[in-house]
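Data first, discussion second: the structure below is written as structure tokens.
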Amino acid sequence: MVAQTGPMLVVIDGPAGAGKTTVARRVAAALGVPLLDTGAIYRTLALVAQRRAVAWDDEPGLVALCTGFPIAFGALDASAQAQAVRFAEEDVSAAIRTPEISQGASRVSAVPGVRAALLGIQRSLALQGCVAEGRDMGTVVFPDAPFKFFLTAALRTRALRRHTELTQPGVVPPSLEAVERDVAERDARDTSREAAPLRKADDATEVDTSGLGLDEVVGVILGHIAAGPRTAAERQI
Ligand code: DC
């Protein structure tokens, strides 16, 4: 192990429904650092594009929307269960979580110009240290992060988790089969795209969350962090 200097930067990548957001929130709260939910940035772009009638594959139109993208994240709430997302002062936290915007986020995030245009924003939001979660944190956005994790879980487990999230009082949830199809479709697009596809960084620690509870996953990650960053030699293992 080597000493950790500078702002604390922890990155957590993985496919939809692997538990990244929930785990990242808890890890950020435990470490006392902000959470950077990069999926929310792509979701917000998809929402703004839809409202301004810019197609989710219109590269120049989307890139123009990314200029000076006025996104801001609130602090985690006391129970580390929610984080407000604002765009130009409007609270878009709920509007970006619909199944339609999930698909839109997956579509806009496959556009190379969009990924390049959003790099600077992600890095500037992490300057003071954070737990950053997404798909390409360890491979592209923060390749030098001292702590990298890649969460996985079986497709059915991930679909069940998403289904539970979508089951709100007073709302008819989609069927589990529809959610599983949706997750599989996003997996296929996220891993097969040319620009920064979802993949584990060689030096990331993989955690299969299928049989683990939330506290166990958080415990595993905090345990690795307490042991200190990996040395260059350890990263080759
Ligand atoms: O994590 P999420 O479900 O909120 O992400 C929404 C979409 O954004 C997902 O389909 C993939 C994409 N995404 C990405 O390509 N890169 C990131 N760093 C984060 C999310």
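The values are calculated or read from the model by the stated rules, or taken from the named source; none is laboratory data. Owing to the predicted nature of the structure, the values given are computational and were not obtained by experimental measurement. Here the Cβ is made from the backbone with ideal geometry for all residues, glycine too, and neighbour counts use every protein chain on show. Accessible surface areas use protein heavy atoms only, side chains included; no ligands, DNA or RNA. Shrake-Rupley method; radii C 1.70, N 1.55, O 1.52, S 1.80 Å.
Figures for the structure shown
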| read-out | value |
| --- | --- |
| The chain - mean residue ellipticity at 222 nm from DSSP helices (-39,500 (n - 2.57) per run, n ≥ 4, rounded to 500) | -13500 deg cm²/dmol |
| Sequence-separation-based contact order of the chain, relative, with Cα cut under 8 Å and 6+ spacing, percent | 32 percent |
| Measure of compaction for the stretch 88-163 (Cα Rg per 2.2 N^0.38 Å) | 1.28 |
| Rg/Rg_ref, the stretch 1-117, where Rg_ref = 2.2 N^0.38 Å and atoms are Cα | 1.14 |
| Inter-site label distance for Arg156 and Thr98 at 7 Å from Cα along Cβ, in nm | 3.2 nm |
| Magnitude of the charge dipole, the chain, Cβ model with Lys/Arg +1 and Asp/Glu -1, debye to 20 | 60 debye |
| Using θ = phi - 60° and Karplus 6.51 cos²θ - 1.76 cosθ + 1.60, couplings along the stretch 123-131 (whole Hz; Gly, Pro as x) | 5, 5, 5, 9, 4, 8, x, 5, 9 |
| Accessible surface, the chain, averaged per residue in Å² (probe 1.4 Å) | 46 Å² |
| With at most 16 neighbouring Cβ atoms within 10 Å, loop GluC sites (Glu not before Pro) (DSSP) excluded, longest segment of the chain | 90-193 |
| Pair Arg123, Glu165: separation of 7 Å Cα→Cβ label points (nm) | 2.8 nm |
| Test item: Cα-centred dipole of the stretch 98-237, Lys/Arg +1 and Asp/Glu -1 on Cβ, debye | 300 debye |
| Under 5 Å, built H, 5+ apart or other chain: amide partners of Thr152 | Val207, Asp208, Thr209 |
| Inter-part distance where the stretch 153-195 and the stretch 43-69 are each reduced to a Cα centre, Å | 24 Å |
| Per-residue ³J(HN,Hα) for the stretch 184-196, Karplus 6.51 cos²θ - 1.76 cosθ + 1.60, θ = phi - 60°, Hz, x for Gly and Pro | 5, 5, 5, 4, 4, 5, 5, 8, 9, 5, 7, 7, 6 |
| Share of carbon and sulfur in the accessible heavy-atom surface of the chain [1.4 Å probe, %] | 57 percent |
| Built amide H within the under 5 Å cut-off of Gln83, gap 5+ | none |
| Radius of gyration, Dmax [the stretch 86-237; alpha carbons; angstrom] | 17.0, 54 |
| HN-Hα J in Hz across the stretch 132-147 - Karplus 6.51, -1.76, 1.60, θ = phi - 60°, x for Gly and Pro | 9, 10, x, 10, 10, 5, x, 8, 10, 6, 10, x, 9, 4, x, 10 |
| Calculated FRET value between Val172 and Phe69, using beta carbons and R₀ = 22 Å, to 0.05 | 0.05 |
| Charge sum, other residues only, whose C-beta stays under 9 Å from Glu180's C-beta, Lys/Arg counted +1 and Asp/Glu -1 | +2 |
